[in-house]
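The values are calculated or read from the model by the stated rules, or taken from the named source; none is laboratory data. Quick caveat: nothing in here was measured; it's all calculated off a predicted structure. When we count neighbours, we look across all protein chains shown, and the Cβ atoms used for this are built from the backbone with ideal geometry, even at glycine. Heads up: the accessible areas ignore ligands, DNA and RNA and are worked out on the full protein's heavy atoms, side chains in. Shrake-Rupley method; radii C 1.70, N 1.55, O 1.52, S 1.80 Å.
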Amino acid sequence: MYFLYNVLVHLVGFLLKVIAFFNPKMKLFVDGRKKVFEQIKQKIASSDQTIWFHAASLGEFEQGIPVMEKIKTKFPNHKMIVTFFSPSGFEVRKNNAIADVTIYLPLDTTQNAKQFLDVIHPEMVFFIKYEYWPNYLNELKKRQIKTYLISGILRENQVFFKWYGGFYRKCLTAFDFFFVQNESSKKLLQSLGYHNIKISGDTRFDRVVSILERDNSLDFIEAFKNNSTTIVIGSSWPKDEELLVNFINISSEKVKFIIAPHNIKPEQILELKKSISKKSILFSDYSDSVNKLQAKSIQEFDVFIINTIGILTKIYSYADIAYVGGGFGNPGVHNILEPATFGIPIVIGPNYAHFAEAIALVNMEGCISISNQNELNETFQTLLSNDDIRHEKGHICSTFVQMNKGATDVIINQILNETLK
C-alpha cells in the first residue's frame, strides 16, 4: 500500500503540472512549490531552533493563530515556519506577521519529506484540525520529533475507521498528543487504541474572542451606516445572493446592506451590482474617488459592496444582523463565529451539518437556518421589526463564544508539561 501511495503522489504531481497550464489556481499551487527549499535556506540556518505549523488553508491558519501566538511567547528564540497546502490560504496570508517563513508544503513524497525536515529541522510540529500526510508523518516519527494535532476533528466516515484504512491508521502513531474538539473525536481515537488525547475544544473561539480586544473601527463603514439598521452579508455565493438581492430590492429604505462576497472577481461583482435596484456603490469605486479627492457622500447609498479582502471581520462589528454565506453549497456555511463574537443574530443557508458551532447555535436559536426565499424574507422581517428578538439572539451568540473559549490554554499547558518532563 505504501508503494502504491507513493506512485500515486508522483502521478498526481505530474498531472497537476499539466493542469496548471489551463487553470490559474493550479498554476499558483504548482509554481508556489518550485523554490520552496531555496526560500527556506535563505531564512533558516542550521543553527536555528524552529517550530513548524501546517494549515491546509485559510480557515485552519486562523484556527491555529492563538496557539502560534502563545507558542511564540513561550519559545521566543525559536523561528516559526508555517506551511499551507492550498493557494486560497497561502495567497491571502503569505505576508502574515507571526511566522518567520510562510511557504507551500511540498508534495508528500519520501524525498520531499526528508529534504523538508532536513532544512527546517523542527523541534515541535503542529498539524491544525486535519490533513495527514503519510510520508511527512512517517519521517517525523523516525526522527522522534514532537508532533501534535490541534483542534482535531475526527468522523466515522474517515479512512482511519474503514476496514481498508490500515495504511492511514499507521500514520496516526506519529502524533505524540491529540488535542480534539469534542467527545466523539476522542472516542473514535480510543477505538483505535489511542489514549494520548485531550478534549481541548476549538481554538477558533479564542481567535474570535481576541478580535474584541483590537480596534475594529472603519470610518467609511461608520459613515455609510449613519446610525441605520444594517445587515452585513459575509462570504456570500451566487446562490445566497439570488435570495438576498430579492429581499434587498423590496426592503425598507431605512435598512442598509453591506455585502462582502466570497468571490470578488470583477465580472461577478459587476453582475451583483447590476442586479440590485437600490443605490449601491463598490468599495473600489469609493476608495478611488477618495484618492482623487472627489469623495462621494457614502451615507447616500443603501448598499455597499466590499470587493476587497481583509476587512470583513471589522465590518461585522457594525452589523445589527449578519447573513453568512456558503450554506447553499458544499461543504456548507462559512465562519459564523466572527459575527457571533460581536453579539449579532446570524442567518445561514441549510447546509451546515459539518460545522459543530453552527449546529449548536441553530439549536440554541441564536442562529437561524433558512432554505428558501419566503423563509429568508420572514426571518429578516422579524429581526428588523422586533428589537427584543434581535438582541436576545445576539446575546445567545456572544455568550456561546465566551463559554467555549480556553482551548489554547489547555493545549499550551499540556505542551509545556511535556516539554518540562
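Observations
- Subset of the stretch 1-49 [open to solvent by less than 70 Å² (accessible area, probe 1.4 Å), small (G, A, S) and in contact (Cβ under 8 Å) with a residue 40 or more places away in the chain]: G13, G32
- Unmet requirement for M68, which otherwise passes all of (1) touching a Lys or Arg at 6+ places or on another chain (Cβ under 9 Å); (2) part of a helix (DSSP H, G or I): (1)
- Check on P76, in contact (Cβ under 8 Å) with a residue 24 or more places away in the chain and either assigned by the TED database to the domain that holds I150 or hydrophobic (A, V, I, L, M, F, W, C) (or both): no
- Every residue from the stretch 366-391 that is assigned to a helix (DSSP H, G or I) and under 27 Å from the mean Cα position of the chain (by Cα): L376, T379, F380, R390, H391
- Test: residue in the stretch 184-206 that is open to solvent by 50 Å² or more (accessible area, probe 1.4 Å), under 22 Å from Y316 (Cα atoms) and charged (D, E, K, R): no
- Verdict on A360 being aliphatic (A, V, I, L, M), over 27 Å from I71 (Cα atoms), at pLDDT below 95 and open to solvent by 20 Å² or more (accessible area, probe 1.4 Å): no
- Some residue of the stretch 50-67 being open to solvent by 90 Å² or more (accessible area, probe 1.4 Å) and either out of contact with any strand residue (DSSP E or B) (no Cβ under 8 Å at 6 or more places or on another chain) or not assigned by the TED database to the domain that holds K114 (or both): no
- Scanning the stretch 295-315 for residues that are within 16 Å of the chain's Cα centre (by Cα) and at negative phi, we see that the one that is most open to solvent (accessible area, probe 1.4 Å) is I309.
- Residue count, the stretch 336-352 (criterion: in a loop (DSSP other than H, G, I, E, B) and hydrophobic (A, V, I, L, M, F, W, C)): 3
- Whichever residue in the stretch 116-134 is open to solvent by 60 Å² or more (accessible area, probe 1.4 Å) and at pLDDT 95 or above and, among such residues, is farthest from I415 (Cα to Cα): D118
- Scan of the stretch 155-209 for residues that are within 15 Å of A407 (Cα to Cα) and among the hydrophobic types (A, V, I, L, M, F, W, C), ordered by number: F177, F178, F179, V180, I197, I199, F205, V208, V209
- Helices (runs of 4 or more DSSP H) contained in the stretch 218-328 and holding at least 1 residues within 17 Å of I348 (Cβ to Cβ): 238-250, 312-316
- Taking the listed residues G343, G327, the one that is within 16 Å of E241 (Cα to Cα), of a type outside the set (F, W, Y) and not assigned by the TED database to the domain that holds G59 is G327, with no other qualifying.
- Out of V333, V401, sole residue that is surrounded by 22 or more Cβ atoms within 10 Å (Cβ to Cβ), touching a Phe, Trp or Tyr at 6+ places or on another chain (Cβ under 7 Å) and part of a loop (DSSP other than H, G, I, E, B): V333
- Put simply, of I336, I298 the only residue that is at pLDDT 95 or above, outside the structural domain of L58 (by the TED database) and either of a type in the set (K, R) or in contact with a strand residue (DSSP E or B) (Cβ under 9 Å, 6 or more places away or on another chain) (or both) is I336.
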